[in-house]
Amino acid sequence: MKKAKMTLARDYIIGEIDKRIYGSFIEHLGRAVYGGIFEPGHPTADENSFRGDVTGLVKELNVTVVRYPGGNFVSGYNWEDGVGPVENRPARLELAWGSTEPNTFGTNEFAEWCKKADTECMMAVNLGTRGPDEARSLVEYCNHPNGTYLSDLRRSHGFEKPHGIKLWCLGNEMDGPWQMGSKTPFEYGRVATEASKLMKLTDPSIETVVCGSSYPGIKTFGEWETTVLDLAYDTAGYISLHSYYGNGENDIRNYLAKSLEMDSFIRSVVSICDYIKAKKHGKKDINLSFDEWNVWFHSGETKYEKWSKAPSILEDIYTFEDALLVGCLLITLLRHCDRVKIACLAQLVNVIAPIMTKTGGGVFRQTIFFPFMQASSYGRGKALLPVIDSPKYDSKDFTDVPVIEAIATLNDETDELTIFCVNKSTDDDVLLNVSLLGLDGFKPFEYTAMEGFGLKQTNDFGNDEVKPKIKPLPAVEKSSLELKLQPLSWNMLRLKK
Ligand code: AHR
């Protein structure tokens, strides 16, 4: 059996975990909205036509913030189409995904849904086909109490109280040639700066996120962030990161090493943020909003009828190995919680999502639902800096990949310590010795693992077998404990004082 060691100490702290690190994303894409969170006539639909079975699972998943309405969709969206009496709302060609947008769900419905789902709204504005003027109008419509044309328009639409949306994305992936209205870094940096300025003049309490690169491999990565932040440093609070991972080559050792790619992406963006801060002699840190991350490769190029309404697109069905990588990615985000303040699992329902529905039918939890749910429920408080001594391996694209990827969180409010770890070894159990320095009195009370499943095993309607199983609790002796981690496993140990 292989051995590894993790040392945790009460005072070795990476940082406070911003609860918005457990966010997700709903785009007007495929069946995310229509047939996902919203379905008039569904047996579980409430008075707003929000599917109760879906809202229930979103709450169980403990999603803290949801980005909306896109994604690529937002770059051609007129927010005015989605407010006011439903019978007056226009259906439009939706150019990002080639479907028809009926606009029967819009800004007010989303703000209402967020309340139902106990989550916060993160709103994106269109800086593709539109600009600062429409962006500031949307802030006024949503957040101004009353007495102006747009705030009174909202009130006339039945929403007396402002929605109070605090977090705003300045467009989406504006570097990508596929994006409607894509821009050079200079063009985008100027527009984003002016949009953010006007939006903050409208409501000084909001925070804004500028677009970083749409993926780290894009040619302009680095130059994009530097130019955009040089222009937007004074007004922006965050810069976005997007990245999706896949196992197209069917190489599990290389696949599970891809959290190293996320790690290096985060480090590079942090360096650029700090370079700009230094260059400006600035006082404020620009923090990171990793507002699109997930596994995305199963669905490939799905064929669907052009201009249809809510076609089934990007409906990836996730396997056990995907849940293991999602676990590693969550650990990576937590390891950078001093700078990654917001992160969104993309997406939430039906479209590359942890929750799947049948239109008119039931729901199920995908494999990736479980590591996210456990991290978002119990990975709160502070992240402790783990000193890990692990065996390593080399794979096709990576060297020195630690077999054990782990993190611990300490929640002073609940007096709980939680350890999350993945054993990436394909064959070996690993005996992990955990040393608890200055953490006397913590006793294990829940130990679960996702282990022993087929790598390609999936869940389905009526079958969510791929999920954590309860394991016997380890004993704590002389401030240390041992976990025997099965090969290819996601593990969570909770301790309480
Ligand atoms: O999440 C799916 C798509 O991926 C989003 O619309 C876009 O922002 C990204 O490229």
### Query
Across the range 109-140, what is the total count of residues that are among the polar types (S, T, N, Q) and surrounded by fewer than 19 Cβ atoms within 10 Å (Cβ to Cβ)?
1
### Task
Look through the range 347-405, keep the residues that are within 16 Å of the ligand (Cβ to nearest atom) and not hydrophobic (A, V, I, L, M, F, W, C), and return whichever of them is nearest to the chain's Cα centre (by Cα).
Gln347
### Message
I'm checking my understanding of the structure. Among residues of the range 199-235 that are under 21 Å from the mean Cα position of the chain (by Cα), closer than 15 Å to Gly171 by Cα and not hydroxyl-bearing (Ser, Thr, Tyr), which one is farthest from the ligand (Cβ to nearest atom)?
### Response
Glu207
## Note on the structure
Considering the range 55-85, residues that are within 16 Å of the ligand (Cβ to nearest atom) and among the small types (Gly, Ala, Ser), and then whichever is farthest from Cys344 (Cα to Cα), we arrive at Gly76
### Message
Tell me whether the range 45-54 contains one or more residues that are of a type in the set (Lys, Arg), buried (at least 23 other Cβ atoms within 10 Å of the Cβ) and away from the ligand (no atom under 16 Å from the Cβ).
### Response
yes
### Query
Out of all the residues in the range 236-295, which are touching a Cys at 6+ places or on another chain (Cβ under 7 Å), under 14 Å from Val340 (Cβ atoms), touching a residue at least 60 places away in the same chain (Cβ under 8 Å) and more than 16 Å from the ligand (Cβ to nearest atom)?
Ser259
### Task
Determine, yes or no, whether Ser243 is outside any loop (DSSP other than H, G, I, E, B) and surrounded by fewer than 24 Cβ atoms within 10 Å (Cβ to Cβ).
yes
### Message
Of the residues Thr107, Thr100, only one is more than 26 Å from Ser243 (Cβ to Cβ), in contact with an Asp or Glu (Cβ under 7 Å, 6 or more places away or on another chain) and not small (Gly, Ala, Ser); which?
### Response
Thr100
### Task
Select, from Phe398, Phe369, Phe364, the only residue that is among the aromatic types (Phe, Trp, Tyr), buried (at least 24 other Cβ atoms within 10 Å of the Cβ) and at pLDDT 95 or above.
Phe369
## Note on the structure
If we ask which residues in the range 168-188 are closer than 20 Å to Val139 by Cβ and buried (at least 23 other Cβ atoms within 10 Å of the Cβ), their number turns out to be 7
### Query
Which ones in the range 321-341 are away from the ligand (no atom under 16 Å from the Cβ), over 18 Å from Ile17 (Cα atoms) and buried (at least 23 other Cβ atoms within 10 Å of the Cβ)?
Ala323, Leu324, Leu325
### Query
Can you name the condition, by its number, that Ala310 falls short on among (1) in contact with a Lys or Arg (Cβ under 7 Å, 6 or more places away or on another chain); (2) closer than 20 Å to Cys169 by Cα; (3) surrounded by fewer than 24 Cβ atoms within 10 Å (Cβ to Cβ)?
(2)
#### Entry: Hey, Trp113 closer than 19 Å to Gly52 by Cα and at pLDDT 95 or above or not
yes
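The values are calculated or read from the model by the stated rules, or taken from the named source; none is laboratory data. Note that this is a predicted model, so its numbers are computed, not measured. As a convention, Cβ positions derive from the backbone with ideal geometry for all residues, glycine included, and neighbour counts pool all protein chains shown.
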